[in-house]
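Reviewing the structure listed below.
What follows draws every value from the coordinates through simple rules; no lab data is involved. Here the structure is a predicted model, which is why all the values come from computation and not from measurement. Every residue, glycine among them, receives a Cβ derived from its backbone with ideal geometry; neighbour counts consider all protein chains shown.
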Amino acid sequence: MYLELTDGENERVNSYREAISRLMSAERYQHSLAVEEQAYMLAQVHGGDITKSVTAALLHDVAKEMEPEKQLALIGKHNVSFAESEKKEEKLWHAGAGAVYVQRCLGIKDKEIVGAILHHTSGCANMNLTEKIVFVADKISKGRDFETVGEERKRAENSLEDVIFKYVKNMVSSLTERNMHISQKTLETYNCYRDSTKMQKISIAS
Ligand SMILES: [Fe+2]
Ligand SMILES: [Fe+2]
């Protein structure tokens, strides 16, 4: 229960928890709760919208365990902005399918919540605060155990943009090292946060 939310909002978040627990494995459910908790902390630190952040975080992987064909079919059934190039990358499908699922099956119309689910895998340029919170929360939540996760959790308290840029930069290097395709959206995210973190450093230094 979140003190910042009304009883009705808390009740709604609880009903989403119950709904997703039936749609995924226990492990993925624990991950969803961990991302929700991390998003709550980040929303508090950065002055984000608590309801939108925890809702999108909780639901971000709602379509992850659907059959890939079902994910793609869902994307085709609704008006989410999903480029043809993204349709070639299976790992991005659950984000688009999740964005459709929450609108069609849970009646969520809020554009920030839908956008945060849609962009949580590859990011996108100029993400709003809720989208940034959910993107980062997914990467640094409890259960993530890469070597520098502790550093990234601290970094996220100061700058979500720095964490986004570092994550996407690592993703781009890892893909290029393996001669793999880099999606347009990943490149746009890289360029956008490369520029914004550079601008932040210039203004701090001056
Ligand atoms: Fe995901
Ligand atoms: Fe996730």
In a Gaussian network model of the chain with springs linking alpha carbons closer than 10 Å, the residue among THR55, THR148, THR121 that fluctuates most is THR148
For the table LYS91/LYS139; LYS70/LYS132; LYS77/LYS166, the rows whose alpha-carbon distance is greater than 23 Å are LYS70/LYS132; LYS77/LYS166
Taking Lys and Arg as +1 and Asp and Glu as -1, residues besides ARG22 with C-beta under 15 Å from its C-beta add up to -1
Within the stretch 8-68, DSSP-loop trypsin sites (Lys or Arg not before Pro) with at most 15 other C-beta atoms within 10 Å are ARG22
The base-10 log of I(q)/I(0) that the Debye equation returns for the chain at q = 0.13, 0.14, 0.17 Å⁻¹, one scatterer per C-alpha, is -0.70, -0.82, -1.21
Phi-derived 3J(HN,Hα) across the stretch 181-188 with the Karplus relation (6.51, -1.76, 1.60, θ = phi - 60°), rounded Hz, x for Gly and Pro, is 5, 10, 6, 4, 5, 5, 5, 5
Trypsin sites (Lys or Arg not before Pro) in the stretch 91-169 lying in a DSSP loop, each with at most 13 other Cβ atoms within 10 Å of its Cβ, come to LYS109
In the neighbourhood of GLU188 defined by beta carbon distances under 12 Å, the net charge of the other residues (Lys, Arg +1; Asp, Glu -1) is 0
Among GluC sites (Glu not before Pro) in the stretch 34-126, those in a DSSP loop whose Cβ has at most 16 other Cβ atoms within 10 Å are GLU65, GLU89
Going residue by residue through the stretch 43-57, the Karplus relation 6.51 cos²θ - 1.76 cosθ + 1.60 with θ = phi - 60° gives ³J(HN,Hα) values, rounded to whole Hz and with x marking Gly or Pro, of 5, 5, 5, 9, x, x, 7, 4, 4, 5, 5, 6, 5, 5, 5
For the stretch 16-59, using Cα atoms only, the Rg and Dmax in Å read 10.7, 32
Around LYS111 (Cβ within 14 Å, Cβ-to-Cβ, excluding LYS111; K/R +1, D/E -1) the net charge comes to -2
